[in-house]
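The values are calculated or read from the model by the stated rules, or taken from the named source; none is laboratory data. Because the structure is a prediction, the values reported are computed rather than measured. Don't worry about glycine lacking a Cβ; one is built from the backbone with ideal geometry, like all the others, and counts go over all protein chains shown. With ligands, DNA and RNA removed, areas are computed over all heavy atoms of the protein, side chains included. Shrake-Rupley method; radii C 1.70, N 1.55, O 1.52, S 1.80 Å.
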Amino acid sequence: MRALVTGATGFTGGHLARHLRNRGYGVRALVRGEDQRSAALAALGIELSIGDLTDKAALVRALGGVDIVYNIGATYRQAAASKDEYSAINARAVAD
């Protein structure tokens, strides 16, 4: 079974991605870029797919060959984020 986890560099998504990997799943994580958190996932054998929830092409690439999607990705507690940004990521990104 292959799973895609969005939000895998966050607290909940990271725990889920590691749990699935420990249970024998092939796990791909949609991450916005390569940093310490995504490098830690890769070190565990989690495949990284660089992209953003609002980028349809990145989503299509990330979805290739997966059996199940756990959409944990969201923007949260970002003071500078506008209402439109929150809506684009938290509501519309995967609904379109």
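Of all residues in region 1-49, those that are without any contact (Cβ under 8 Å) to a residue 60 or more places away in the chain, in contact with a strand residue (DSSP E or B) (Cβ under 9 Å, 6 or more places away or on another chain), open to solvent by 10 Å² or more (accessible area, probe 1.4 Å) and not in a helix (DSSP H, G or I) total 13. Per the listing Ala80, Ala93, the residue uniquely at pLDDT below 90, open to solvent by 70 Å² or more (accessible area, probe 1.4 Å) and of a type in the set (A, V, I, L, M) is Ala80.
Apart from one condition, Gly64 fits all of (1) modelled with pLDDT of 95 or more; (2) more than 13 Å from Arg2 (Cα to Cα); the exception is (2).
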